[in-house]
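None of the figures in this text is laboratory data; all of them are computed from the coordinates on show. The structure displayed is predicted, hence computed values, not measured ones. Note: ideal-geometry Cβ built from the backbone for every residue, glycine included; neighbour counts use all protein chains shown.
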């Protein structure tokens, strides 16, 4: 699995890391056949298309959470210099997460009926929305406001942003393994 570190100095670095992961995802699934989209995980529960659908659902939810946190934080008027403030809790939770299989909540489980191209289009729209709020991430001090993650506990908007890339990275590695095994 290609590493994705939660050791960021700036919000810009988080965006750059997330963009690199997205490029890997697109490269992994670009031009795959319907048969390849239907390849199953080792456990046999999700297909490649299902994983990409899951990524689209998760990113959409995480982006909404981060947006709400940032807008609420903006009301306080406290400014940020654009530094990334990733707590030790988020760093240690993310490190543990890479070694642990988590069960996806029902709301973000794939239906199994969405082609990869449709999920990628949804992800492009999600990413566009995240880029639209980049200025908020870079100018609003939002470390005090948090929203709980089911496995990691309370996370700030910046931590949710970093988790988008970390989560996607984990699944891109999974997709790469499935496709390598299936060819």
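Matching residues to (1) more than 21 Å from residue 131 (Cα to Cα); (2) part of a strand (DSSP E or B); (3) in contact with a helix residue (DSSP H, G or I) (Cβ under 9 Å, 6 or more places away or on another chain):
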site: 7; (1), (2), (3): no, no, yes
site: 23; (1), (2), (3): no, no, no
site: 44; (1), (2), (3): yes, no, no
site: 56; (1), (2), (3): no, no, yes
site: 73; (1), (2), (3): no, no, yes
site: 81; (1), (2), (3): no, no, yes
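Note on the stretch 108-126: residues that are touching a helix residue (DSSP H, G or I) at 6+ places or on another chain (Cβ under 7 Å) and assigned to a helix (DSSP H, G or I) amount to 7.
Taking the stated definitions as given, is residue 129 over 22 Å from residue 7 (Cα atoms), in contact (Cβ under 8 Å) with a residue 12 or more places away in the chain, in a helix (DSSP H, G or I) and out of contact with any helix residue (DSSP H, G or I) (no Cβ under 8 Å at 6 or more places or on another chain)? So residue 129 fails the test. Of all positions in the stretch 26-35, none carries a residue that is crowded, with 21+ Cβ neighbours inside 10 Å, touching a residue at least 24 places away in the same chain (Cβ under 8 Å) and closer than 26 Å to residue 138 by Cβ.
Between 90, 66, 85, 74, the distinction of being over 15 Å from the mean Cα position of the chain (by Cα), surrounded by 15 or more Cβ atoms within 10 Å (Cβ to Cβ) and within 14 Å of residue 159 (Cα to Cα) belongs to 85 only.
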